[in-house]
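The values are calculated or read from the model by the stated rules, or taken from the named source; none is laboratory data. Nothing here was measured: the structure is a model prediction, and the numbers come from that model. So basically every Cβ, Gly included, is an ideal-geometry build from the backbone, and we count neighbours across all protein chains shown. When the accessible area is computed, the model is the full protein with side chains, heavy atoms only, and any ligands, DNA or RNA have been set aside. Shrake-Rupley method; radii C 1.70, N 1.55, O 1.52, S 1.80 Å.
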Amino acid sequence: QVQLVESGGGLVQPGGSLRLSCVASRSSFNFYTVGWYRQAPGKQRALVASIGRSNVANYTDSVKGRFTISRDNAKNTMYLQLNSLQPEDTAVYYCNRKFPPYWNWGQGTKVTVSS
């Protein structure tokens, strides 16, 4: 079972940037298409970006052009660069496989966009 640890969240003003990190406990992380999810207050968790083994990335429409997903297989790590943040990006961000069966969910990292 792969354990996941997310970090990098925080409070940022609208228009600001953050870089989230997801560190996996096992190198088997590198064999899967993985993604970043977010869960806003009162809403279900939703996938916002994913990246395959060949580094092909996909994004939900609301973050295209603002978020960039990447991975460093040597470090069992995935990143999400968040630019031009908006209040509606406020959520807890999680990483996991794109397709089930999912690994155990980490604690997530909270992003708050507010002036």
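Some notes on this structure:
- Of all residues in region 70-115 being among the small types (Gly, Ala, Ser) and part of a strand (DSSP E or B), the one that is surrounded by the fewest Cβ atoms within 10 Å (Cβ to Cβ): SER70
- Taking the criterion of being open to solvent by 40 Å² or more (accessible area, probe 1.4 Å) and either closer than 22 Å to ALA57 by Cβ or among the β-branched types (Val, Ile, Thr) (or both), the residues of region 1-10 that qualify are VAL5, SER7.
- For PHE29, the conditions (1) outside any strand (DSSP E or B); (2) more than 19 Å from GLY106 (Cα to Cα); (3) without any contact (Cβ under 8 Å) to a residue 60 or more places away in the chain are fulfilled apart from (2).
- Within region 45-83, the residues that satisfy the criterion of being free of Cβ contacts under 8 Å to residues at least 60 places away in the same chain, among the hydroxyl-bearing types (Ser, Thr, Tyr) and touching a strand residue (DSSP E or B) at 6+ places or on another chain (Cβ under 8 Å) are SER50, TYR59, THR60, SER62, THR68, SER70, THR77.
- VAL5 satisfies every condition listed in (1) under 14 Å from the mean Cα position of the chain (by Cα); (2) assigned to a helix (DSSP H, G or I); (3) among the hydrophobic types (A, V, I, L, M, F, W, C) except (2).
- Of all the residues in region 11-68, those that are among the basic types (Lys, Arg), open to solvent by 60 Å² or more (accessible area, probe 1.4 Å) and touching a helix residue (DSSP H, G or I) at 6+ places or on another chain (Cβ under 9 Å) number 1.
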